[in-house]
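Heads up, the thing below is written out as structure tokens.
The values are calculated or read from the model by the stated rules, or taken from the named source; none is laboratory data. The model shown is predicted, which means the values in this text are computed figures rather than measured ones. Cβ placement follows ideal geometry from the backbone for every residue including glycine, while neighbour counts extend to all protein chains displayed.
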Amino acid sequence: KNEVEQSPQNLTAQEGEFITINCSYSVGISALHWLQQHPGGGIVSLFMLSSGKKKHGRLIATINIQEKHSSLHITASHPRDSAVYICAVPLYSGGGADGLTFGKGTHLIIQP
Amino acid sequence: GAGVSQTPSNKVTEKGKYVELRCDPISGHTALYWYRQSLGQGPEFLIYFQGTGAADDSGLPNDRFFAVRPEGSVSTLKIQRTERGDSAVYLCASSLISVGGTGELFFGEGSRLTVL
């Protein structure tokens, strides 16, 4: 069964700073998900990636399958980026019909 | 509808009562997931449906929890004899194909259950 660890748990930064959130998992996967959850709000899928790098606006996600590690980067951070960022991977290796297991999330606060 | 819809958005009940939570996934999405999120924690997997069948129910905490999806669309999560520890936000998500097959997930806003 896959285990996910995220770091840091909490991160406070100033507007404009470059942000990095890390995710490590224990078992080989078909794809990793990065999700965003605003306080009191629903969860939005940011990225789903199985190799390399993906970019969407100021967000960049990378994954190293051999190292079982992924990072989420935010460039030119803005107060509206303040949210909980969650990494999720399949519960079991090999894909197929299964659910996700989630990290505990990184609580990001961007101060103006 | 345009997104995943969950009802009720809030439910307050007394210990020992029966509760039903409903999820209406995005039209055409065959994969449907139920998760539970306690305060300050990441979501916890409960059950996964592919079509009408529960493909993986390994996350259901005990036999008080049951979920159905009789026509392969709307799903209902049923909790019997509720306990205070069941208080959480229950999240539903759907995707076109399973996450194991790299399907992107779309989440509902959740149903907040409070057991007094």
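A few remarks follow.
- Within the range B:78-102, the only residue that satisfies the criterion of being at pLDDT below 95, buried (at least 19 other Cβ atoms within 10 Å of the Cβ) and in a loop (DSSP other than H, G, I, E, B) is B:SER98.
- Qualifying residue in the range B:53-68 (condition: of a type in the set (Asp, Glu), more than 17 Å from A:TYR92 (Cα to Cα) and not in a loop (DSSP other than H, G, I, E, B)): no
- Members of the range B:22-43 found to be surrounded by fewer than 18 Cβ atoms within 10 Å (Cβ to Cβ) and assigned to a strand (DSSP E or B), listed by number: B:ARG22
- Among the residues of the range A:29-65, the ones that are assigned to a loop (DSSP other than H, G, I, E, B) and under 25 Å from B:GLN41 (Cβ atoms) come to 8 in all.
- Residue list for the range B:78-105, restricted to those being under 16 Å from B:GLN37 (Cβ atoms) and within 14 Å of chain A (Cβ to nearest Cβ): B:ALA88, B:VAL89, B:TYR90, B:LEU91, B:CYS92, B:ALA93, B:LEU105
- Candidate set: the range A:18-28, residues that are part of a loop (DSSP other than H, G, I, E, B) and either among the aliphatic types (A, V, I, L, M) or surrounded by fewer than 14 Cβ atoms within 10 Å (Cβ to Cβ) (or both); chosen: the one farthest from the other protein chains (Cβ to nearest Cβ): A:PHE18
- Condition check for B:ASP57: surrounded by 13 or more Cβ atoms within 10 Å (Cβ to Cβ) and either closer than 13 Å to B:LEU77 by Cα or more than 9 Å from every other protein chain (Cβ to nearest Cβ) (or both): yes
- Test: A:VAL84 is in a strand (DSSP E or B) and under 10 Å from the mean Cα position of the chain (by Cα): yes
- Odd one out for B:THR114 among (1) touching a residue at least 40 places away in the same chain (Cβ under 8 Å); (2) within 14 Å of another protein chain (Cβ to nearest Cβ): (2)
- Number of the condition not met by B:VAL12 [criteria: (1) more than 13 Å from the chain's Cα centre (by Cα); (2) within 14 Å of chain A (Cβ to nearest Cβ)]: (2)
- Unmet requirement for B:SER75, which otherwise passes all of (1) among the polar types (S, T, N, Q); (2) crowded, with 20+ Cβ neighbours inside 10 Å; (3) in contact with an Asp or Glu (Cβ under 7 Å, 6 or more places away or on another chain): (3)
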